[in-house]
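Undergrad: Dropping the structure in here first, questions after.
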Amino acid sequence: MQTEPAPQKLRKHERRERIVMELRLRPHVRVSDLSRMFAVSAETVRRDLARLSADGVLDLAHGGASARTPGRYPTLHERDCERREERERIGQRAAHLVNPGETLMIDSGSTTLQVARFLAIDRIPCTAITNSFPVAMALGQGENIDVIVCPGEYLPEESAVTGTDTTDFLARHNVDRCFIGASGLTREGPSETVRGFAAVKRAMLHQSGFSHLLIDGDKFERTGLSRIGQLSDLTSVVSDCAPPERLGEALSRANVEVLIAEPDQSLHAAQ
């Protein structure tokens, strides 16, 4: 009698990607079904669903999870109102990495917006390419900052552009360093939830001499919908706190420097 092959064991991020894929095919998934599918315990599945729910990817429901209705992921404005002090510290620390005269790429996001703000406040002369209109406007307040805005398809909820026109434009430029954000960071690498943003971030990483991921500690060990790249694609991670031990060890093995944005009274004076 022939037996069915045992389900292939998946990594955590692979399981979560499969869960999201299942929700694209049907409106509801059950814990018991996913447990059998992945050959893991129901508790493991519940942890996966809880994390995806925290990342804004799905809604928890009795016995499982449901596909999140369109538009439920927080907008740029909504994210900008959360953990603002931590993101300001990160932005200020990241701005101090820029040397006068350097060329930059800065992607769209509530934390990268703070980099632009502090570059303008500190009047650091540079040339910056961005797909974000708020970032461009913040940079425009500074003296001797040349701003180049990417073409692309406009996303109103993000006040940014994305798509093939954006990534093709980025691929035609080389810069000294880039600053990107992410929805989450795990040992597998950074990931992104906003549709189309992962491709933009990947393009920026590929065209930059130094690549800096700006992320607050609340996003450590979280997983977004799309992988951006590997840890080795990063030069540094700038955060408001140290990562968990295992993630910190993985970053060290990948030769990624962790820069902690300590509280600074001068930050409040700049407001």
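The values are calculated or read from the model by the stated rules, or taken from the named source; none is laboratory data. Remember, it's a predicted structure, so these values are computed and weren't measured experimentally. Cβ sites come from the backbone with ideal geometry, for glycine too, and all protein chains shown count toward neighbours.
Undergrad: Out of all the residues in the stretch 21-64, which are closer than 22 Å to Ser226 by Cβ and in contact with a strand residue (DSSP E or B) (Cβ under 6 Å, 6 or more places away or on another chain)?
TA: Filtering the stretch 21-64 for residues closer than 22 Å to Ser226 by Cβ gives 21-27, 29, 34, 37-38, 45, 47-60.
Answer for the stretch 21-64, where residues must be closer than 22 Å to Ser226 by Cβ and in contact with a strand residue (DSSP E or B) (Cβ under 6 Å, 6 or more places away or on another chain): Glu22, Leu23, Pro27, Val29, Leu49, Leu52, Ser53, Leu58, Asp59.
Undergrad: With respect to Ser252, determine if the residue is of a type in the set (Gly, Ala, Ser), modelled with pLDDT of 95 or more and either within 21 Å of Glu153 (Cα to Cα) or in a strand (DSSP E or B) (or both). Steps first, answer last, please.
TA: Details: of a type in the set (Gly, Ala, Ser): yes; modelled with pLDDT of 95 or more: yes; either within 21 Å of Glu153 (Cα to Cα) or in a strand (DSSP E or B) (or both): no.
Answer is no for this residue.
Undergrad: When you scan the stretch 170-188, how many residues do you find that are over 17 Å from Glu14 (Cβ atoms) and surrounded by fewer than 20 Cβ atoms within 10 Å (Cβ to Cβ)?
TA: Result for the stretch 170-188: 5.
Residue by residue, here is whether (1) under 17 Å from Leu104 (Cα atoms); (2) surrounded by 19 or more Cβ atoms within 10 Å (Cβ to Cβ) holds:
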residue	(1), (2)
Pro190	no, yes
Val194	no, yes
Gly209	yes, no
Glu245	no, no
Glu249	no, no
Ser252	no, no
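Undergrad: Can you name every residue in the stretch 113-146 that is aliphatic (A, V, I, L, M) and either in contact with a strand residue (DSSP E or B) (Cβ under 8 Å, 6 or more places away or on another chain) or in a loop (DSSP other than H, G, I, E, B) (or both)?
TA: Initially, the stretch 113-146 is screened for residues aliphatic (A, V, I, L, M), giving 113, 115-116, 119-121, 124, 128-129, 135-139, 145.
Leu113, Val115, Ala116, Leu119, Ala120, Ile124, Ala128, Ile129, Val135, Ala136, Leu139, Ile145 - these are the residues of the stretch 113-146 that are aliphatic (A, V, I, L, M) and either in contact with a strand residue (DSSP E or B) (Cβ under 8 Å, 6 or more places away or on another chain) or in a loop (DSSP other than H, G, I, E, B) (or both).
Undergrad: To continue, here is another question. Leu52 passes all but one of (1) surrounded by 15 or more Cβ atoms within 10 Å (Cβ to Cβ); (2) assigned to a helix (DSSP H, G or I); (3) at pLDDT 90 or above; which number fails?
TA: Here Leu52 meets the rest and fails (3).
Undergrad: Looking only at the stretch 31-68, count every residue that is closer than 21 Å to Glu221 by Cβ and polar (S, T, N, Q) and tell me the total.
TA: 3
Undergrad: Considering only the stretch 153-212, give the strands (runs of 3 or more DSSP E) lying wholly within it that have at least 2 residues that are more than 24 Å from Leu97 (Cα to Cα).
TA: 153-155, 160-162
For (1) small (Gly, Ala, Ser); (2) touching a Pro at 6+ places or on another chain (Cβ under 6 Å); (3) farther than 14 Å from Phe179 by Cβ, each residue gets a yes or a no:
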position	(1), (2), (3)
Thr112	no, no, no
Leu119	no, no, no
Cys126	no, no, no
Ser132	yes, no, no
Val135	no, no, no
Ala138	yes, no, no
Gln141	no, no, yes
Asn144	no, yes, yes
Pro151	no, no, yes
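Undergrad: Among the numbered conditions (1) within 26 Å of Cys150 (Cβ to Cβ); (2) among the polar types (S, T, N, Q); (3) in contact with a helix residue (DSSP H, G or I) (Cβ under 7 Å, 6 or more places away or on another chain), tell me where Ser236 comes up short.
TA: (3)
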